[in-house]
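Presented below is the structure to which this report refers.
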Amino acid sequence: MTDNGHSTIAPLKNVAMCGRALDRAMTRPQHLPGMVCFYGPSGFGKSFAAAYTANKYQAYYIECKSTWTKKAILAAIAREMGLVPATTMYELTEQISNTLVMTDRPLIIDEMDHIVKREAVEIVRDIYEGSHVPMLLIGEENLPNDLVKWERFHGRILDFVPAQAADAGDAKVLSKFYCHKVSIADDLVTEVAKRAKGSIRRICVNLARIEEETLSAGKTEMDLPGWMALKKGFWTGEAVVRKEYVR
Amino acid sequence: MSTREDLWKQIRALGIFTIPQLLETTSLDRTTVDLYVRSLVKAGRLKKEDVAESQAGKGVYATKYRYRLIRDALEAPRVRKDGSEVTQGRGRQNMWRSMRILKRFDLATIWAASGTEDHQVAREEIKTYILFLARAGYLKKTGEGEKAVYMLVRYTGPKAPMIQRIKQVYDQNLKAVVWPHPDQVPTGKKEENE
């Protein structure tokens, strides 16, 4: 496949759904709540969706860590917005809310589960109440259930959007990026999607492998019979990548 | 502080202002101020209003118009003459943001994550950016070639590090040149094309 400069991952199902959810929050009538929740298992491409959505809307993005205290969460959000964090929680909340009001940019909070476990959801609610900016909260499958406990928070969520399992259409979109030097036939793309059992991560790994093996076999195109003949199989491993602590 | 930021700060502080008022509080020349104000009007951030004759001022303060801030923002808007947004640096910012969100990635992953309908990012641009970020110590590389996997090991803040024309990496968060390291003698090795 040739280098197509006009491709994006916007057609990926989860990217589209995540974007639409935030879009609804951004264009909502004033009386409706402005937080949306996007949730699903690891490997379903939530990070891809988060990255695309963050880039599209130039959003502020924060990923929570299990060790963070309430104050640490607030300070991290402030830093992400380019502010010098204030000293008290009260001041921090006000600082963040005031700044959010001033900008047209939404806030994305990833790994929201850690905030729920820390019983810190009210700090997010306070920021929302102080700014009313659209927020996208991302977490694991249990996030909607865990949030039920926080009734006052739950009621401020416009929409709960579950991440979907990846299909052949998604694999086709990704092949433009992961197999850009070789041409990969639709039967092989479909098989890759089938073997991946819904995981975007497995699709990416297999597409990259197919490109590499095709090139080293001296070919520029590959289809399903060709791939089976190479006897390289499909990688179906449990690709649980620990999210390393970065900072 | 850049001219633009300087002016924007004044505009926000004043709320309603005239051009002579802005000139008084900044050391910028009339052409620069006029251009930025006009662009902001086109961008829908300022509203141009007539001034009643009695308030029009005298001498150097004489003016027929005043401006009202109608759409505020924290950061100084980057606008062209026609009011459209300047998107220079958007690609770099998208790549940096994608790296932060994905943390462990290869070239293809950042390529997929960084382009949007409004702003495409070329594969070559990403390759160069990754190369320089790895050199400057932001990324740790495992594996070789195009399939190499990188990990973001040094996140200094939300602003994307810049590759300057003279092939050095400047970090806007630290406000410092991070590569080549100031103590390092340039190797004289031929750099890859930007």
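Here are the numbers:
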| read-out | value |
| --- | --- |
| Cut-off 12 Å between beta-carbons: net charge of the residues surrounding residue A:206, Lys and Arg +1, Asp and Glu -1 | +3 |
| Kirkwood hydrodynamic radius of the stretch A:168-230, from inverse mean 1/r over distinct Cα pairs, in Å | 11.2 Å |
| Average Cα contact separation per residue, the stretch B:90-184, under 8 Å, 6 or more apart, as relative contact order % | 25 percent |
| Portion, in percent, of the accessible area of the stretch B:3-69 that falls on carbon or sulfur, probe 1.4 Å | 48 percent |
| For the stretch A:2-162: accessible area per residue (Å², 1.4 Å) | 41 Å² |
| Largest-first principal axis extents, alpha carbons of chain A, Å | 64, 33, 32 |
| Average beta-carbon neighbours from other chains, 10 Å sphere, peptide B:115-125 | 4 |
| Cα extents of the stretch A:83-127 along the three principal axes, largest first (Å) | 29, 24, 16 |
| The stretch B:3-69 - Debye-derived log10 I(q)/I(0), Cα point model, q = 0.16, 0.26 Å⁻¹ | -0.48, -1.28 |
| Chain B - Debye-derived log10 I(q)/I(0), Cα point model, q = 0.08, 0.15 Å⁻¹ | -0.41, -0.94 |
| Carbon + sulfur, % of accessible area of chain A - ligands and nucleic acids excluded, 1.4 Å | 53 percent |
| Chain A - percent relative contact order, Cα under 8 Å, separation 6 or more | 26 percent |
| Over 18 Å between alpha carbons, listed pairs B:103/B:127; A:13/A:194; A:197/B:141; B:103/B:140; B:103/B:141 | A:197/B:141 |
| Per residue value of the accessible surface for the stretch A:168-230 (all protein chains in place, 1.4 Å probe), Å² | 41 Å² |
| Area projected by the alpha carbon convex hull of the stretch A:93-212, averaged over all directions, nm² | 9.7 nm² |
| With 10 Å bins from 0: P(r) over the stretch B:90-184, alpha-carbon pairs, percent | 16, 53, 28, 2, 0 |
| Residues along the stretch B:79-102 losing 50 Å² or more of accessible surface when the other protein chains are present rather than the chain by itself (probe 1.4 Å) | B:97, B:100, B:101 |
| Shielding by partners - mean other protein chain Cβ count within 10 Å, residues of A:81-92 | 1 |
| Principal axis dimensions, largest first and in whole angstrom, of the protein assembly as shown by Cα | 88, 61, 42 |
| With every protein chain in place, the stretch B:89-150: carbon and sulfur % of accessible area (1.4 Å) | 48 percent |
| Residue pairs, from the table B:47/B:175; B:42/B:64; A:65/B:147, whose Cα atoms sit over 26 Å apart | B:47/B:175; A:65/B:147 |
| Burial order of peptide ranges B:164-173, A:38-47 (average beta-carbon count within 10 Å, highest first) | A:38-47, B:164-173 |
| Between B and A, accessible area buried - total, square angstrom, nearest 100, 1.4 angstrom probe | 3400 Å² |
| For residue A:154, solvent-accessible area (1.4 Å; no DNA, RNA or ligand), Å² | 60 Å² |
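The values are calculated or read from the model by the stated rules, or taken from the named source; none is laboratory data. Since this is a predicted model, take the numbers as computed values, not measurements. Methodologically, a virtual Cβ is constructed for each residue, glycine included, from the backbone with ideal geometry; neighbour enumeration extends over all protein chains shown. These area figures cover heavy atoms from the full protein model, side chains too; ligands, DNA and RNA do not enter into them. Shrake-Rupley method; radii C 1.70, N 1.55, O 1.52, S 1.80 Å.
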